[in-house]
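Trainee: Here it is: the structure, laid out below.
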Amino acid sequence: MRLTKLMPKKALLLNTELTRFIQNSPVLNPVLNPVLQPVLKKGKQVTVGNSAKLLSIAHRIMPSKMENYFVLHQVKRLSQPFMDDGEIDFLDGKVAEVEIRDIDAKWYFTKIGQQLIMLDLEKAKAISPEPHVVFSASVDALVLMASQKVDPDTLFFNRKLRITGDTELGLEIKNLFDQFDLELLDKPFRKILDAWSDELITIQS
């Protein structure tokens, strides 16, 4: 189920009308109003530059069920073709931890049957006292890897991505990242990810 299905129809209608109003407004649409372009550009730079702080706040105040639903929903969309072909069977009975260091977030994944599952810490420990493999990265590194603008090997060798635990399992998971079809992501999230990663590359260059 998409997140949009959880929204009331009136809210969706209002959002559609608001989007149309902005697109047609010579004042609010940056394409029609060049004066807005540098303002929005600066705003984007500030937002991306402070993304870790902003996400850290969001992570603390957002209900974990909502956050987990969103993350798992996107991961499932990317991994489903590989799940159907049996290419994620190596995760059966294994626990993979994803840690985002600068926002103190940890997610635990496993495969049960033909489903990719996100676990809380207690359920993860019930399968294994320690995760079989841990992927640890900063927000920026995760965005660059998820957007496929920078490959995992480059991040790994630059020590922006750490993989500890079962090395073979870690390599199998890492090799999937480059094969993910980003077109499978929800379109709004894909656009945000693309713009975010482009801005990161501009800032870091």
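Derivation of every value follows stated rules applied to the coordinates shown; laboratory data play no part. Worth saying up front: this structure is predicted, and the values here are computed from it rather than measured. No Cβ is skipped: glycine too gets one built from the backbone with ideal geometry, and neighbour counts run over all protein chains shown.
Trainee: In terms of modelled amide H atoms, which long-range or inter-chain residues lie less than 5 Å from the amide H of A105?
Mentor: Here the answer is I100, since their amide H atoms fall under 5 Å of that of A105.
Trainee: In which sequence would S64, S147 go, from the one with the fewest C-beta neighbours within 10 Å to the one with the most?
Mentor: So the ranking, lowest neighbour count to highest, is S64, S147.
Trainee: I need M145, M83, M62 ordered by Cβ neighbour count within 10 Å, fewest first.
Mentor: Ranked by crowding around the Cβ, least crowded first: M62, M83, M145.
Trainee: Can you give the charge dipole size of the stretch 56-192 about its Cα centre, rounded to the nearest 20 debye, using +1 on the beta carbon of Lys and Arg and -1 on the beta carbon of Asp and Glu?
Mentor: The dipole of the stretch 56-192 has a size of about 580 debye.
Trainee: Using alpha carbon coordinates only, what is the Rg to Rh ratio of the stretch 56-192, with Rh defined as the Kirkwood radius?
Mentor: Here Rg/Rh amounts to 0.93.
Trainee: Run through the DSSP bridge list for the stretch 56-192 and note the antiparallel percent, rounded to the nearest 5.
Mentor: Bridges in the stretch 56-192 that DSSP calls antiparallel: roughly 70 percent.
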